[in-house]
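Please treat every number below as a calculation from the coordinates, not as lab data. This is a predicted model, so every value here is computed, not measured. As a convention, Cβ positions derive from the backbone with ideal geometry for all residues, glycine included, and neighbour counts pool all protein chains shown.
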Amino acid sequence: MKLILLGAPGAGKGTQAEFIQAALKVPVISTGNLLREAVAQGTSLGLKAKEYMTSGRLVPDELIIALVREKLASHDCEHGVILDGFPRTVAQAEALDTFAAPDAVVSLEVPDEVIVKRMTGRRTCPKCGSTYHVEHNPPQVEGVCDKCGEKLGIRHDDDPEVVLQRLEIYHDQTEPVKHHYDALNKLQQVEGVGTVEEIRQRIFRKLGLEL
Ligand code: AMP
């Protein structure tokens, strides 16, 4: 199954992508993680993307479309893929339709005020990209990634002013992507407020996955 996870920054896409990945046994492609890796490695893509990312703006469509296209071709996506953080504009969605149209699109619906609260507690692993929340989804050992043992950090773009800017961009540029898929009868909206487990169950029910 080719699945897209839509939702505002901090809606819980990354956390839920991990559960769906375990159930479907297909890779997750997170454009945010790929870009952060590129920035850390100082590749030409990373150098171009860095300024947009630190200010909370979107990286230009042509760069991100080329990145996803390349990853989809090189990953083992024969049995499907979960896209987290892509597409974020209608132009990206239209491009994706030409090379890997999704079977289903899940949009996690979370009010802005909840997002802002969540972002302040978010902790991210700089090595493997796993995300945690100090209250709602803490790691087993405080400040340490469960998966790879790396020290957790706070992302630059999780600063409050940058979060507000990212939310504005989300409403402006990414919400129209929902209408794009709704018109194609592919959109499933899921309430993204509640415990991680409650939200997981809502998504699994919508996708017909075993709870
Ligand atoms: P994320 O981790 O998904 O919130 O992404 C972090 C940042 O990477 C975003 O704020 C954007 O600057 C950039 N980014 C990630 N995915 C995309 C995309 N599909 N289109 C444009 N920029 C993106």
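A few points about this structure:
- Normalised by the number of residues in the chain, the mean separation of alpha-carbon contacts (under 8 Å, six or more apart) gives a relative contact order of 29 percent.
- Counting every alpha-carbon pair across region 111-211, the share separated by more than 23 Å comes to 43%.
- Rg and Dmax of region 148-192, Cα atoms only, in Å: 15.5, 44
- With semi-axes defined as the square roots of five times the eigenvalues of the C-alpha gyration tensor, the equivalent ellipsoid of the chain measures 23, 21, 18 Å, largest first.
- Kirkwood-type hydrodynamic radius, region 40-135: 15.8 Å, calculated from all non-identical alpha-carbon pairs.
- Taking amide H as placed 1.01 Å from N in the peptide plane, Leu152 has its amide H under 5 Å from the amide H of Val144, Cys145, each at least 5 places away in sequence or on another chain.
- For the chain, the Cβ-based charge dipole about the Cα centre amounts to some 360 debye (Lys, Arg positive; Asp, Glu negative; other atoms uncharged).
- C-alpha center-to-center spacing [region 84-119, region 161-203] in angstrom: 6
- For region 24-84, the percent of C-alpha pairs falling in each 5 Å distance bin, counted from 0 to the bin holding the largest distance, reads 4, 18, 28, 24, 14, 9, 3, 0.
- Amide proton proximity set for Val105, modelled H, under 5 Å, gap of 5+: Ile4, Gln188
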